[in-house]
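The structure under discussion appears below in the form of structure tokens.
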Amino acid sequence: MQGRILCSTGALIGRPNGRNHKLLGGLAGQLNCDGFEFMMYSSWYEKEEEILSDLAELRLCIPVMHCEKHIGEALSKNGEGDWETAFRLFEINCRMAQQLGAGKMVIHLWDGEFSDRNFANNCKALGELLPIAEGHGLDLLVENVVCNVENPMKHWVELAAEYPEVHFVFDTKMAAFHGQLELLFEEEYQWLWTNGHIRHLHINDYGGGYMEWAKLKTLAIGDGTIDFEPLFRLLKEKRYTGDFTVEATAFDATGVVDTAKLNRSFAYIRERR
């Protein structure tokens with residue numbers, strides 16, 4: 001496996017440190033990763049040009065952008081004006097990703113309190129989101145986001161039936177939350193590998209039980225209960241060559257980032273990819 005090991009900017013920047021994107025300048029040099037997955041926040045709209053200019057000066061490798069999560073939430077609500085809002089914001093995210101030089105866009109196709117309650121609407125929306133992303137040179141990847149009605153694998157199956165060329169990003173924490181990590185090994189789901197649907201991996205730990213909402217926090221490798229060894233053996237067997245992103249929250253309540261913890265996760269992946 002030759003995939004790059006990326007760090008989510010969301011692991012570094014959050015509410016405790018003011019969601020200050022300028023912190024990337026000082027943190028990037030302390031991280032032993034190959035690049036970054038840029039996480040967009042809703043509070044950054046109207047600041048896109050400033051952010052893009054600052055990131056350009058840093059000359060970071062950003063092959064992946066993570067779409068702002070309220071887009072999926074708007075689609076899930078499916079109320080008056082929500083559809084238009086979702087597509088307007090998605091266009092902004094795609095323009096940013098293109099200017100950052102990203103080739104992939106991760107999306108939470110469903111999200112928030114409504115989650116997958118109106119999944120038929122989210123599924124329909126994907127048909128219109130895909131050509132927009134493609135028009136900006138982006139491979140749109142649907143994440144196996146946690147659900148509060150059904151489960152992410154069920155929805156992946158439905159999306160693949162509707163859009164045979166759909167691509168996914170598999171998140172280990174999200175899967176573990178629903179007790180679905182083992183599905184990657186089952187014969188019933190080998191089409192995910194043989195048909196090339198999984199194009200990216202989010203390698204995050206989880207410390208709770210089945211759908212234990214209170215423990216949904218994204219953890220660093222080793223801080224939860226996931227056994228990653230079988231997964232990495234499977235990835236070698238399947239000759240996976242895609243990228244990996246570590247999203248584990250690495251800042252404390254004061255906003256200070258534990259770069260050593262992230263570097264341990266990068267090293268773990270690097271030894272096994």
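Sparsely packed loop sites in the stretch 167-235 (the trypsin sites (Lys or Arg not before Pro) outside DSSP H, G, I, E and B with at most 15 other Cβ atoms within 10 Å) comprise 217.
The alpha carbon centroids of the stretch 2-38 and the stretch 185-263 are separated by 17 Å. Over the residues of the chain, the helix contribution to mean residue ellipticity at 222 nm works out to -11000 deg cm²/dmol, using -39500 (n - 2.57) for each DSSP H run of at least 4. The trypsin sites (Lys or Arg not before Pro) found in the stretch 43-75 that occupy coil by DSSP, while having at most 13 further C-beta atoms within 10 Å, are 47, 59. Between 100, 141, 24, the Gaussian network model of the chain with springs among Cα atoms under 10 angstrom shows the greatest mean-square fluctuation at 24. The slack between residue 44 and residue 85, meaning 0.36 nm per residue of separation minus the straight C-alpha distance, is 13.2 nm. Note on the stretch 165-273: Rg/Rh from C-alpha atoms, Kirkwood Rh, equals 0.98.
Shown here are the Rg and Dmax of the Cα trace of the chain, at 17.5, 50 Å. Residue-normalised convex hull volume from the C-alpha trace of the stretch 65-109: 47 Å³ per residue.
When averaged across all projection directions, what area in nm² does the alpha-carbon convex hull of the stretch 1-99 cover?
Hull-based average projected area comes out at 7.5 nm².
All of the numbers you see were taken from the coordinates with simple rules; none came from a lab. All of these numbers come straight from a predicted model, not from anything done at the bench. Note: ideal-geometry Cβ built from the backbone for every residue, glycine included; neighbour counts use all protein chains shown.
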